[in-house]
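Here it is, the structure in full.
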């Protein structure tokens, strides 16, 4: 990511992070525009090699990874699509000048309101995840007297060897439809006068560090597509979801975006279907840091705690997934680093950020790295804590793209 030390102080691009703290305070998320835009460019360039007159490979940014309006607006300006899992996310895309016609609507439990609103906006395609949802969309299409494009998300029962909470492609998971039922539902949809099956979708999990599960998934999808062709159903696209991981730890060896695209696009050469992808973490994850202040140092038997002002309500991943994020000082001092167990202020034992070797004292500032994805988008007001502010860095300038808010704001929707 575009973060480095200059004269022993931490910078993002050409901005001194202390300058942001002096005006905005902590905790604060800070994102590098150069970082996430470069990832988009790499995706688009890698796909360009495989584009043909009939195959229009596309990426749809997964809004759930980071849904800040300014970030969405910058991504929409690149003329790419979005993957949404709620009407709230779709509404954000529209507010950020994105087009509903370039959106894929995923999710296992879409409400009737969400479906009707997305239909009215002209959503490109619904990824259907159950027979009940098919019946629901069939009814709404007939009621609205409109043709709706759909794809079925299939569950391929593939173990991606990731954290169980972000493994989505196993038979025991709530996501998708097994292949035998999918074959039946495609035949039902093909006979409908208001539904048009145009694709097939799958998503086997997140933070994948190996490309083999993607290859396995694509092979199984090809078998389904061949079956459908024999039954006069020709699909326009194959949606392989997202899932490509990022190196949260320096020792992690990750596939590149280019090798990921090669793995999926090479087998598609000579076929008619276009490839759709839904990357989120691999675009925005490494672009973000969370700035936080050390409140107290607490010495306890066999352990020294560094108590910071950022908690699990600000960054949930460590508590939820036992995820590890690198932490570094905003100012490097001379001397020996000590081992600290970095913890937050929330009244939960799980409010911790693992152990790190640091040179710190109370009042110092730290930067938690690689938090651009599933950081702010999962933040909450638990313990009646204010959510962090958000800042976007562009070269040598920075702007607040979400204010911290106030305690007064937290109570505005409540009545006594």
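What's the exposure ranking of 85, 289, going from fewest to most Cβ atoms within 10 Å?
85, 289
State, to one decimal in nm, how far the label point of residue 191 lies from the label point of residue 45, with both points 7 Å from Cα in the Cβ direction.
Simple spin-label model gives 5.1 nm for this pair.
Continuing with this model, one more query. Taking R0 as 25 Å, what's the FRET efficiency between residue 234 and residue 101 from their Cβ-Cβ distance, rounded to 0.05? Working shown, then result.
Working: r = 22 Å, r/R0 = 0.86.
Given R0 = 25 Å and the Cβ-Cβ separation, E is 0.70.
Another question about this same structure. With labels modelled as points extended 7 Å from the Cα through the Cβ direction, what inter-label distance (nm, one decimal) is found for residue 415 paired with residue 222?
6.1 nm
Can you sort 146, 209 so the residue with the fewest Cβ neighbours within 10 Å comes first?
Working: 146 12, 209 16.
Least to most surrounded, the residues fall as 146, 209.
With axes computed from alpha carbons, what is the tilt in degrees of helix 179-190 against the longest principal axis of the chain, rounded to the nearest 10 within 0 to 90?
Between the helix axis and the principal axis of the chain, the angle is about 60 degrees.
Out of the DSSP beta bridges found with both residues in the chain, what percent are antiparallel (nearest 5)?
Of all bridge pairs located within the chain, approximately 50 percent are antiparallel.
Report the gain in length on full extension from residue 211 to residue 4: 0.36 nm times residue separation, minus Cα-Cα distance, nm rounded to one decimal.
71.5 nm
Go ahead and run the numbers for FRET between residue 271 and residue 322, Cβ-Cβ distance against an R0 of 30 Å, rounding to 0.05.
Efficiency for this residue pair is about 0.15.
Fewest to most neighbouring Cβ within 10 Å: what's the order for 382, 43?
Ordered from fewest to most neighbouring Cβ atoms within 10 Å, 382, 43 come out as 382, 43.
Now a separate question. Normalised by the number of residues in the chain, what is the relative contact order in percent for Cα pairs under 8 Å and 6+ residues apart?
20 percent
Taking the DSSP beta bridges in the stretch 33-280 as the whole, what percent of them are antiparallel, to the nearest 5?
Numbers: 1 of 28 bridges.
Around 5 percent antiparallel, to the nearest 5.
Take the alpha carbon atoms of the stretch 318-362, find their center, do the same for the stretch 50-114, and report the distance between the two centers in whole angstrom.
35 Å
Taking 7 Å along the Cα-to-C-beta vector as the label spot, tell me the residue 111-residue 341 distance in nanometres, rounded to one decimal.
4.2 nm
What length, rounded to one decimal in nm, is gained on full extension from residue 395 through to residue 56, with 0.36 nm per residue of separation minus their alpha-carbon distance? It would help to have the intermediate numbers written out before the result.
Details: separation 339, 0.36 × 339 = 122.04 nm, distance 3.27 nm.
Separation in residues times 0.36 nm, less the Cα-Cα distance, equals 118.8 nm.
Just so you know, all these numbers are worked out from the coordinates, no wet-lab data involved. Since the model is a prediction, treat every value here as computed from it, not as a measurement. Reconstructed Cβ throughout: ideal geometry from the backbone, glycine too, with neighbour counts over all protein chains shown.
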